[in-house]
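The values are calculated or read from the model by the stated rules, or taken from the named source; none is laboratory data. As the structure is a computational prediction, the values presented were derived from the model and not from experiment. Reconstructed Cβ throughout: ideal geometry from the backbone, glycine too, with neighbour counts over all protein chains shown. Surface areas here come from the heavy atoms of the whole protein model, side chains and all, with no ligands, DNA or RNA. Shrake-Rupley method; radii C 1.70, N 1.55, O 1.52, S 1.80 Å.
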Amino acid sequence: MSETPKPPTWFWIVSGVSLVWNLLGLLAFISQMTMSPEALAALPEAERTFYETVPAWATVAFAIAVFGGTLGCVALLLRKAWAEILFVLSLLGVLTQNINSFLLSDALSIYGPTVAVMQAMVIAICVFLIWLARSSKARGWIA
């Protein structure tokens, strides 16, 4: 019985940093879901309206994005190949959420161009994590 190759140190560092990144997304989701009526009322009118009109499917997509990414990073750290499917689900969640934010709502005019840059970065990280999981599986680092 052969032993599976051990991942290099950078794999653990990237996986750990990616977990922290995804935990920040999870905290953002929890903050949005538990926002008090007082906190919501304190937002500028455009932001408040944006939050109040988010459809349920976009909220579910947000949940899939952050939980998929977080659990995918945990799977990487546990050296499990199912990390890849979790990262794919996370990317699909992000893209679905962006349909609401950019096509059905006007997040760009509410939050400015920074929101587009941030979402592009989120998508790039999702794609990178899918690549990392596939590459790690091909190298035998995860199974």
**Prompt:** Hey, residue 12 hits all of (1) in a helix (DSSP H, G or I); (2) open to solvent by less than 70 Å² (accessible area, probe 1.4 Å) but one; which does it fall short on?
**Reply:** (2)
**Asked** Looking at (1) in contact with a helix residue (DSSP H, G or I) (Cβ under 7 Å, 6 or more places away or on another chain); (2) in a loop (DSSP other than H, G, I, E, B); (3) among the charged types (D, E, K, R), can you tell me which one residue 3 breaks?
**Response** (1)
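Can you pull out every residue in region 47-98 that is part of a loop (DSSP other than H, G, I, E, B) and farther than 20 Å from residue 34 by Cα?
Our first condition is that a residue be part of a loop (DSSP other than H, G, I, E, B); within region 47-98, this holds for 53-55, 78-82.
Passing the criteria: 78, 79, 80, 81, 82.
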**Message:** For a quick check of your reading of the model, give me the residue pairs whose first member lies in region 108-120 and is without any contact (Cβ under 8 Å) to a residue 24 or more places away in the chain and within 14 Å of residue 94 (Cβ to Cβ), whose second is open to solvent by 60 Å² or more (accessible area, probe 1.4 Å) and assigned to a helix (DSSP H, G or I), with beta-carbon atoms closer than 9 Å and at least 6 apart or on different chains.
**Reply:** 115/102; 115/108; 116/102; 116/108; 118/111
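To keep it simple, each residue is scored yes or no on (1) within 15 Å of residue 97 (Cα to Cα); (2) in contact (Cβ under 8 Å) with a residue 40 or more places away in the chain; (3) of a type in the set (A, V, I, L, M).
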| residue | (1), (2), (3) |
| --- | --- |
| 20 | no, no, yes |
| 37 | no, no, no |
| 44 | no, no, no |
| 54 | yes, yes, yes |
| 74 | no, yes, yes |
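Listed here are the residues, each with its yes/no results for (1) under 26 Å from residue 142 (Cβ atoms); (2) in contact with an Asp or Glu (Cβ under 7 Å, 6 or more places away or on another chain); (3) hydrophobic (A, V, I, L, M, F, W, C).
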| residue | (1), (2), (3) |
| --- | --- |
| 3 | yes, no, no |
| 23 | yes, no, yes |
| 34 | no, no, no |
| 37 | no, no, no |
| 42 | no, no, yes |
| 48 | no, no, no |
| 53 | no, no, no |
| 56 | no, no, yes |
| 80 | yes, no, no |
**Lone qualifier among 60, 54, 66, 88 - being aliphatic (A, V, I, L, M), within 15 Å of residue 25 (Cα to Cα) and surrounded by 15 or more Cβ atoms within 10 Å (Cβ to Cβ)** = 66
